[in-house]
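Engineer: I am attaching a structure below and will ask some questions about it afterwards.
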Amino acid sequence: MPSQYRKGAKFEIDVRDILLEDDWVAVRSAGSHGIIDVLAIKQDVKWFVQCRTRGNLSGDERGELAALAKKHNSTAILAHKTEEGVVFEEVKSKEPTFHFEIINGVFTKING
């Protein structure tokens, strides 16, 4: 039986491949354990994609993904599985409860 990590990695590859088949430029951020699993660009559209097989994304994760996408003029997307296939949905956050600052040359998440 595959591990949760392997299932997640396979899903990220599947999402990347779906985007590539639709003429997106898509790159998987393998092993990063960051909030962006796949970066996808098609013409003037940029997507920061978080892949979750079950679609579970906490409020903090939603806020972080939405804030990062907004900062980079991108769209935050959650890719998840349904009985019909893979769904891509926009992730929105009313107001970020944090922001990022560069402290000592490192991007640092600041709450509040």
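Every read-out reported here was derived from the displayed coordinates using simple, explicitly stated rules and does not represent laboratory data. Predicted model only: the values in this text are computed from it and were never measured. All Cβ positions, glycine included, derive from the backbone under ideal geometry; neighbour counts span all protein chains shown.
Engineer: Could you please rank Thr82, Thr75, placing first whichever residue has the fewest other Cβ atoms within 10 Å of its Cβ? Spell out each step's value before the answer.
Structural biologist: Values: Thr82 8, Thr75 18.
Placing the least packed residue first, the sequence is Thr82, Thr75.
Engineer: Students often forget the sequence filter, so: which aspartates and glutamates lie under 16 Å Cα-Cα from Lys10 once same-chain residues fewer than 8 apart are removed?
Structural biologist: Straight-line reach from Lys10, under 16 Å: Asp37.
Engineer: Given a cut-off of under 8 Å on Cα pairs at least six residues apart, what relative contact order in percent is computed for the range 4-111?
Structural biologist: On the way: 176 pairs, mean separation 19.4, N = 108.
Reported as a whole number, the value is 18 percent.
Engineer: With an 8 Å cut-off on Cα pairs and a minimum separation of 6 or more residues, tell me the relative contact order of the range 1-60 in percent. Intermediate results must be reported in sequence, preceding the final value.
Structural biologist: Details: 66 pairs, mean separation 16.0, N = 60.
Relative contact order here is 27 percent.
Engineer: Taking a 22 Å limit on the Cα-Cα distance, which of the listed pairs Lys42/Lys71; Lys46/Lys92; Lys7/Lys46 fall beyond it?
Structural biologist: Numbers: Lys42/Lys71 19 Å; Lys46/Lys92 15 Å; Lys7/Lys46 25 Å.
As for pairs spanning more than 22 Å Cα to Cα, those are Lys7/Lys46.
Engineer: Treating only the Cβ atoms of Lys and Arg (+1) and Asp and Glu (-1) as charged, compute the dipole magnitude of the range 4-111 about its Cα centre; round to the nearest 20 debye.
Structural biologist: 320
Engineer: Rounded, prolate or oblate: which one fits the range 4-111, using the alpha carbon gyration tensor with axes a ≥ b ≥ c (rounded when a/c is under 1.5, else prolate when a/b beats b/c, else oblate)?
Structural biologist: prolate
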